[in-house]
Amino acid sequence: MKTGRRVSKAVLGRAHLRALRATVCATLFSLAGAAWGHNFHAGITDITFNEKTGSTEVVHTYMAHDVEALLMNAYQRQFDLTQPEDQDILRRYVEKQFWLQGTDKARLPLRWVGMTIDAQSVMIYQEAEKTPLAKTAAIHDAVLIDFLVDQVNTVNFSEAGKVRTFTFDSKTADQPVR
């Protein structure tokens, strides 16, 4: 019984931590937008292992106005990210610009789980099904960096109770994890 309670607390703790991170990210993005307008461009990605599913989970958070500007610039039209066909265009872009490299030098297959949007942010969910974090050797993150030269993406890689943070920008799109 104690083990069951510990697992429940761990799962609840992980869910609470993700919700807290999402709230903090949305707040920071909102404040950044108000304070700096379009002079501050940032993205945050959290990579964690879900013991319950055995999968590596990836959650990206970007400023909504930056994603909208990227798509408008690339396709010369307005996008409605509540529409599946417009989400598909963003999905293809993210899959081209972000990947995890396995220890065998091949890309780990990331399945698109979905996305949520609000006025401030776009959150994108991916997972490497039945893949432990230990199989990740490197991260490639160039999301929005090809469009916004001052874009900075932060990746939090949570493994074995420790979080390592990687920063990606126009000079650094690839970084080893191991």
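Quick notes
- Listing of strands (runs of 3 or more DSSP E) fully contained in the range 80-178 that carry 2 or more residues being surrounded by fewer than 14 Cβ atoms within 10 Å (Cβ to Cβ): 111-117, 162-168, 174-176
- Per-region count, the range 145-157, residues in contact (Cβ under 8 Å) with a residue 24 or more places away in the chain and out of contact with any strand residue (DSSP E or B) (no Cβ under 6 Å at 6 or more places or on another chain): 6
- Conditions (1) within 27 Å of THR172 (Cα to Cα); (2) out of contact with any Gly (no Cβ under 6 Å at 6 or more places or on another chain); number of the one not met by GLN76: (1)
- Applying the condition of being touching a Ser or Thr at 6+ places or on another chain (Cβ under 7 Å) and of a type in the set (A, V, I, L, M, F, W, C) to the range 118-153 and asking which residue is nearest to THR53 (Cα to Cα) yields ALA128.
- Taken together, LEU108, LEU81 contain a single residue that is among the hydrophobic types (A, V, I, L, M, F, W, C), over 14 Å from the mean Cα position of the chain (by Cα) and within 24 Å of VAL163 (Cβ to Cβ), which is LEU108.
- Conditions (1) charged (D, E, K, R); (2) open to solvent by 30 Å² or more (accessible area, probe 1.4 Å); (3) within 28 Å of PRO176 (Cβ to Cβ); (4) in a helix (DSSP H, G or I): number failed by GLU68: (3)
- ILE47 meets the stated requirement of being surrounded by 15 or more Cβ atoms within 10 Å (Cβ to Cβ) and part of a strand (DSSP E or B).
- Flag: ALA160 does not match the condition of being free of Cβ contacts under 8 Å to residues at least 40 places away in the same chain, over 14 Å from the mean Cα position of the chain (by Cα) and on the phi < 0 side of the Ramachandran plot.
The values are calculated or read from the model by the stated rules, or taken from the named source; none is laboratory data. Predicted model, so just to flag it, every value in this text is computed and none were measured. Note that we place each Cβ from the backbone using ideal geometry, even for glycine, and neighbour counts take in every protein chain shown. Protein only, heavy atoms only, side chains kept; ligands, DNA and RNA dropped before computing areas. Shrake-Rupley method; radii C 1.70, N 1.55, O 1.52, S 1.80 Å.
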